[in-house]
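As structure tokens, the structure follows; a few thoughts come after it.
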RNA sequence: CGGGGCGUAGCGCAGCCUGGUAGCGCGUUUGCUUGGGGUGCAAAAGGUCAAGGGUUCAAAUCCCUUCGCCCCGACCA
């Protein structure tokens, strides 16, 4: 492909709207353009890269025995009522009406459609197991679209759904998808971690997320530095933390005036102690009722863990008025002693004595607090987020905190949807049973951006061969020089013919412009044709990852390039 | 939705405080030049100053409203 025949609108400056490297680069390299918040057009270069990721996903799904189908993005309201998710999905789902005033939604995911299908078409154990997948646009009215393709309102997802006769069989399907996902991300050139995750709105018991490691990632995770244990911060457990010993542990509580000291920092400074000696008292409304949650002063309560521990989704931080009503004091002076609400404490507080908390009086705190003695704790639960350096819950190792981009998620769903849609089968004993399901998603567009996030330098993108929009660029240094242009054209033609996807940069621009664009776009291979090299009957060949080029005889150039493409694919 | 920031040429920005001629760099077009890391010279095109309303003789500038975009929180692939 000639550069002058396609559209590659590179930008010299970083667009103001982009924050993270991959987003800036996708815009600057001319891969995508924004239509509106969270809505993007794929330009020729971007689409080519996207198709590469799709192809890898498709090949691995096929290899794993999944069947490709294509379901409608536009779906009737009824199936969402049937699964009881019409309400659950809430504002996330785009809703619309047709001219007959029928309610429709734009599918944010396809459990309903696929289970409805399977309930009609499959009825015998002889037809199972089955895994269906599709690669298609999903629509979600995100609270906040962000970072380009990272969190978009319309995005491409590879979603798959497994149907099995038993939990054991479903586990096998899950494992097959799990392994396929590892291969997919591996082939895309991504460094990922697989972590235990929260199942969220999808339901079901167990799930794993595939996290592409990146400092700009939206998700936190921890992994053990010695065993294979890894989890999303939303649910990561910690090992046992020894109880610190504080002075005055045996003494009776004492109320001390602490005017104006509301925050942990202020109180710690006032008493000249370390923050962890403080007992942080946070009030939540659980199903509308106030509940106090205690944590060491240097730790954060994780609402996901809290919600799971209390077995409800209805957990919100109490507003200032509620706090004042329950504690009888201004915000910042809540404490557990004498508090009229159920009190749950993080396990790290077990054995706390000689600690400091709010006194439930404005401008006062309480010292020498002993939880065992002074407070009726309803339960010690794992409520605080794990963090870097915490002990691993499974071994003697330490947890390391990292950030990641959630590129894939696999769920064991059980019979939630098969029950709702009557997706059942007749086993050999003749008594109808619900199918056991799993669902599996890859954010294809997000994966593409994650590849860039992990593979770039200060000059631009550094594509892995497998997802590069083109394998090579042939750069004519001086298009006015007829022999250069001819050699470059012939070479580009030979490369294309041998399966090396090539762009011929035939622009009438200065060399510097072309070098800079080649680096920005990140072609894995660059061939430079110039008068200088032509004098030696050679061209220059350079990989994006290498610092300097090597001279290759013109006659060998196509083969050399082909060998590298082959070796790195 | 809560908190913060921003909307002026394709991109990056100045002008706004203190009202009066819409400007700069890059890009684009034309001609010449140059030809190994964003070349130089010359000329040209390109703007409902986000939108609507108000104040004023006069609004990019002051006031009000709306919309859009970005960042921080809850949601997710």
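No value in this document is a laboratory result; all are computed from the given coordinates. Predicted model only: the values in this text are computed from it and were never measured. Methodologically, a virtual Cβ is constructed for each residue, glycine included, from the backbone with ideal geometry; neighbour enumeration extends over all protein chains shown.
Quick notes
- The ranking of A:178, A:470 by Cβ neighbour count inside 10 Å, starting from the fewest, reads A:178, A:470.
- Our compactness index for region A:254-381, the C-alpha radius of gyration over the empirical 2.2 N^0.38 Å, is 0.97.
- Alpha-carbon centroids, region A:329-391 and region A:124-143: separation in whole Å: 46
- Seen against the Cα atoms of chain A and their longest principal axis, helix A:482-497 is set at about 60 degrees.
- With neighbours defined as other Cβ atoms within 10 Å of a residue's Cβ, the residues A:357, A:207 order from fewest to most as A:207, A:357.
- Exposure proxy shown here: for A:234, A:324, A:218, A:168, the number of other Cβ atoms within 10 Å sets the order, fewest to most, as A:168, A:218, A:324, A:234.
- Three-way shape label, region A:478-553, alpha-carbon gyration tensor, a/c 1.5: rounded
- Counted over region A:425-533 with a bin width of 5 Å, the fraction of Cα pairs per bin, in whole percents, is 2, 11, 16, 15, 13, 9, 6, 4, 4, 3, 4, 3, 3, 2, 2, 1, 0.
- Whole-percent pair-distance distribution, where bins are 5 Å wide, for the alpha carbons of region A:351-442: 3, 9, 9, 9, 10, 11, 9, 8, 10, 10, 6, 3, 2, 1, 0
- Coordinate range of the alpha-carbon atoms in chain A per principal axis, descending: 94, 68, 51 Å.
- For region A:1-143, fraction of C-alpha pairs farther apart than 24 Å, in %: 53
- Separation of alpha-carbon centers, region A:485-562 and region A:15-86, rounded to whole Å: 32
- Between residue A:556 and residue A:432, the modelled label-to-label distance comes to 7.2 nm, taking each label 7 Å out from Cα in the direction of the beta carbon.
- Nearest 10 degrees, 0 to 90: helix A:554-568 Cα axis against chain A principal axis: 20
- For chain A, the longest principal axis of the C-alpha atoms and the axis of helix A:111-121 are separated by about 70°.
- Per-residue ellipticity at 222 nm, computed for chain A from helices alone with -39500 (n - 2.57) per DSSP H run of at least four residues, works out to -8500 deg cm²/dmol.
- Using only alpha-carbon positions in region A:150-202, the gyration tensor eigenvalues give semi-axes of 22, 17, 12 Å once each is multiplied by 5 and square-rooted (largest first).
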